[in-house]
Amino acid sequence: MTNPTQKKNPQEIGGFLKGVEIIGNKLPHPAILFFILSLIVIVVSHIAASQGMTVTYFDARAKAEVTKKAVSLLNGDGLRYMFDSATKNYTGFAPLGTVLVAMLGVGVAEWSGLFNTSLKKLLMNANPRFLTPIVVFAGVMSNIASDAGYVIVVPIGAMIFAMAGRHPLAGMAAAFARRGILWQGFDAWVESDVLPGSGLSSSAAFEVLLGRIGSALFAGSSLTPVEIAQMAQWAENVYFGKPCGLMDQLASSTGGLVFMDFRDPAAPEVRRLNAALPGYALCIVDSGADHADLTAQYAAIPQDLKAVCRLFDAEVLRQVDEDAFYRRLPEVRRLAGDRAVLRAIHVFDENRRVLAQVRALESGDVPGFLSLINASGASSWEYLQNIAPAGAAEHQALAVTLALCRRMLRGQGAVRVHGGGFAGTALCIVPEEKLSAFCRELETHLAPGCCHRLQIR
């Protein structure tokens, strides 16, 4: 939330043009706007006719003043006039042809990929001396095709700056300048003791950190936690090619123990939970396996789920009726594959488990919550299949870590994979009185310092 007493950042573009942009973005689609204006004209014509209004103007052809009475378009004659003269009315309006041709051309260019290709050619063949104005120009022009503007201009802008021996952040800043926020250079010193490549969402945390710095320095701290998280997700998806969701970034951006619902990705529901686990410690166990090079394994999960969704004309699995899924199970297995079926089963069950976990936490049902965590972990292993990389028969460090943790807890507490899986860490909820012995024994089997106690803040 912006502090009302805070001075406006001089780097932010505002004034009249900013107001025009805000209002313009709230307007409906041009076709809907045209329809609304047409209805207004019809209503106004009826009011003017009922009041006997007239208009007098000079007719250049007749070289004389002409007086016309208002005619209602709501009576029989008016309706016949609208239908009889519609074609002539449109074709006789000189600017209409140009506008229609331009709109058709823009539509074809965007959907055929011409905009994307043209932007790539413009940027990749740019003279190094003119990189900044060319990237800014391409960013401004890319407003014609919003997808191309975000997906193409920003990463390509960074890339060509790097190829020219200039810092890629300068290219990103040039591309982002069209958003109305001008970025400048800054110095930052960052320290972290987060385990690298361990599935602890260190990349998301770092992205959120940069977003908060940028918001504070160049946007008057006006960016919300959701906006910062969305920018961080975009960086992961587009700039680094990692098909992650928004959960890690939003969790880092909001902080604390929260419930998140991504029914509307543009405006996710975030609700802070006032809950605790008295008598239990939260810890992370490092398996020793790095998941930094496992992007293809992560990408396979949403690909499998989308394969199922396409069979039901859905964008995400929550739009698929679960009963319909099981009724068409033989067809889904044949067209999407068994792994996709199992992963879909996990997601169906997991969506229910999340809601049950929230209820358990808010009601103080700790045993019920721990049981749900264990069930979620078992489902990840059995159905989601994100414990070991495909074909990794000899390298299953995370699976071994999970097995050891379960053995030592002996039904007390909870164990599950943490993060995206395939490598990295296990999440353990351990009774306080067992924590020291639990960590000590794990370190004898795995590695010294593999067990880390955490706190939610």
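Observations on the structure shown:
- Relative contact order [Cα under 8 Å, 6+ residues apart], segment 332-457, whole percent: 18
- Ordering of 22-29, 373-380, 271-278, 341-348 by burial proxy (mean other Cβ atoms within 10 Å per residue, highest first): 341-348, 373-380, 271-278, 22-29
- Computed about the Cα centre, the dipole magnitude for segment 202-269 is approximately 140 debye when only Lys and Arg (+1) and Asp and Glu (-1) carry charge, each at its Cβ.
- Most to least packed among 441-452, 57-68, 411-422 [average Cβ atoms within 10 Å]: 411-422, 441-452, 57-68
- Alpha carbon centroid spacing (whole Å) that separates segment 264-333 from segment 32-68: 59
- Across segment 202-269, C-alpha contacts under 8 Å between residues 6 or more apart give a mean separation that, scaled by the residue count, equals a relative contact order of 31 percent.
- Scoring 257-269, 302-314, 423-435 by mean Cβ neighbours within 10 Å over their residues and listing the highest first yields 423-435, 302-314, 257-269.
- Between amide H atoms placed 1.01 Å from N, distances below 5 Å from Ala281 occur with Val430, Glu432, all of them 5 or more places distant or on a separate chain.
- At R0 = 25 Å, FRET efficiency that the Cβ-Cβ distance of Val194 and Thr444 yields, to 0.05: 0.55
- Which of Arg339, Arg407 has the fewest Cβ neighbours within 10 Å, and the rest in rising order: Arg407, Arg339
- Globularity ratio of segment 251-397, using Cα Rg and 2.2 N^0.38 Å: 1.18
- Segment 183-337, relative contact order in percent, only Cα pairs under 8 angstrom and at least six apart counted: 17
Bear in mind that the values in this text are calculations on the coordinates, not laboratory data. What you are looking at is a predicted structure, and each value in this text was computed from that prediction instead of being measured. Using ideal geometry, Cβ is built from the backbone for each residue, glycine included, and neighbour counts are taken over all protein chains shown.
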